[in-house]
Amino acid sequence: MTHPKTKAVPKDRRGRVYPRISLAVRKRMTEYCARKGVTERDFIEDAILQRLDGTSDGAKVLGQLERLALALDAQQQKHDLQHRELEMLSAAFGRYLRLWFLAHQPPDSEEEQRAGADMFRGFAARLAEEFASGHRFVDDFSQGQRR
């Protein structure tokens with residue numbers, strides 16, 4: 001009977017480390033290893049690798065917290081942008097209503113169409129000025145009417 005040739009697997013080389021730990025920690029480690037069914041060597045090696053690789057539970061939690069913080073920042077920026085856009089729409093609507101109430105009449109001639117276009121450009125410029133200055137549509141109401 002012939003056996004296929006197999007290469008010998010090299011033995012895992014190990015070095016000795018002689019740390020001194022407190023008796024209380026040693027007792028807890030021994031009890032933990034007995035409970036989990038792992039050797040003290042495997043336990044210590046895993047703990048050192050987790051610390052060196054940054055894969056311990058603490059590092060994982062910190063990584064998750066960092067991702068959550070970034071997601072919250074992105075969400076806040078999106079919210080701020082939506083709030084700004086809503087304020088712009090509210091201001092534009094308010095200005096449009098004022099313009100409509102004050103100057104609404106259908107254009108009959110080309111001159112009236114130009115006048116309407118000029119009014120719209122003025123409307124847009126005024127809206128931009130007020131928005132840039134921090135004025136908001138709700139500011140046009142008296143304090144007694146606000147909720």
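The values are calculated or read from the model by the stated rules, or taken from the named source; none is laboratory data. This one's a predicted model, so the numbers in the text were calculated from it and none came from an experiment. A quick note on method: Cβ atoms are made from the backbone with ideal geometry, for glycine too, and the neighbour counts reach across all protein chains shown.
Looking for whichever is under 35 Å from the mean Cα position of the chain (by Cα) and either of a type in the set (Val, Ile, Thr) or surrounded by fewer than 10 Cβ atoms within 10 Å (Cβ to Cβ) (or both) here; the options are Val38, Val61, Val17. Which one fits?
Val61
Looking at Leu102, Leu97, Leu68 in this structure, which one is out of contact with any Cys (no Cβ under 6 Å at 6 or more places or on another chain), part of a helix (DSSP H, G or I), modelled with pLDDT of 80 or more and not small (Gly, Ala, Ser)?
Leu68 is the lone residue from the list that is out of contact with any Cys (no Cβ under 6 Å at 6 or more places or on another chain), part of a helix (DSSP H, G or I), modelled with pLDDT of 80 or more and not small (Gly, Ala, Ser).
As an exercise: evaluate Arg114 against (1) of a type outside the set (S, T, N, Q); (2) surrounded by 13 or more Cβ atoms within 10 Å (Cβ to Cβ); (3) in a helix (DSSP H, G or I); (4) modelled with pLDDT under 85 and give the number of the one condition it does not meet.
Arg114 satisfies all of (1) of a type outside the set (S, T, N, Q); (2) surrounded by 13 or more Cβ atoms within 10 Å (Cβ to Cβ); (3) in a helix (DSSP H, G or I); (4) modelled with pLDDT under 85 except (2).
Any residue in segment 106-133 that's under 17 Å from Ser90 (Cα atoms): show its pairings with residues that are among the small types (Gly, Ala, Ser) and surrounded by 10 or more Cβ atoms within 10 Å (Cβ to Cβ) at Cβ separation under 8 Å, as long as the two are six or more apart or on different chains.
Filtered contacts from segment 106-133: Leu127/Ala91; Leu127/Ala92; Glu130/Ala91; Phe131/Ala91.
Just to be sure I understand, how many residues within segment 122-147 are loosely packed, with under 11 Cβ neighbours inside 10 Å, assigned to a loop (DSSP other than H, G, I, E, B) and at pLDDT 70 or above?
Matching residues across segment 122-147 total 1.
Within segment 20-33, take every residue that is part of a helix (DSSP H, G or I) and surrounded by fewer than 10 Cβ atoms within 10 Å (Cβ to Cβ) and give me the one that is farthest from the chain's Cα centre (by Cα).
Once the filter is applied, the top-ranked residue is Leu23.
Could we say that Arg14 is of a type in the set (Lys, Arg) and assigned to a loop (DSSP other than H, G, I, E, B) here?
Yes: the conditions hold for Arg14.
Please work out which one of (1) in contact with a Lys or Arg (Cβ under 9 Å, 6 or more places away or on another chain); (2) at pLDDT 90 or above is the condition Ser90 fails and give its number.
(2)
Could you check segment 34-50 and list, in sequence order, the residues that are over 19 Å from Arg16 (Cβ atoms), assigned to a helix (DSSP H, G or I) and of a type outside the set (Lys, Arg)?
Ala34, Gln50, listed by residue number.
Tally time: how many residues in segment 74-102 are loosely packed, with under 13 Cβ neighbours inside 10 Å, under 15 Å from Asp140 (Cα atoms) and among the aromatic types (Phe, Trp, Tyr)?
So the answer is 1.
Output yes when any residue across segment 56-74 is among the charged types (D, E, K, R) and either under 30 Å from Gly134 (Cα atoms) or in contact with a Ser or Thr (Cβ under 9 Å, 6 or more places away or on another chain) (or both), and no when none is.
yes
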